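In what follows, a structure is listed as structure tokens, so that the remarks can point back to it.
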């Protein structure tokens, strides 16, 4: 189940990048300028994107813990 959520959040993050894709001038001015331009461009999209990035990290950690637990349970039951 977590794999599907993680995939959906990853898809949302790529869509955020496509929506507020920085141009070369903006990238040269720094990372914070890219974030500020995205927030000025469409604040709601920037908020959803920030939320998606936080959930991407959080669900990735949960997925890693779940896979580790499955591996440890499998090793304990069969060896």
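If R0 equals 25 Å, the separation of the Cβ atoms of residue 17 and residue 70 corresponds to a calculated FRET efficiency of about 0.20. Gain on full extension, evaluated as 0.36 nm per residue between residue 37 and residue 63 minus their Cα-Cα distance, stands at 6.1 nm.
Each reported figure results from applying straightforward, stated rules to the coordinates on display, with no laboratory input. Everything numeric in this text was worked out from a predicted model, so none of it was measured. FYI the Cβ positions are ideal-geometry reconstructions off the backbone, even for glycines, and counts take in every protein chain you see.
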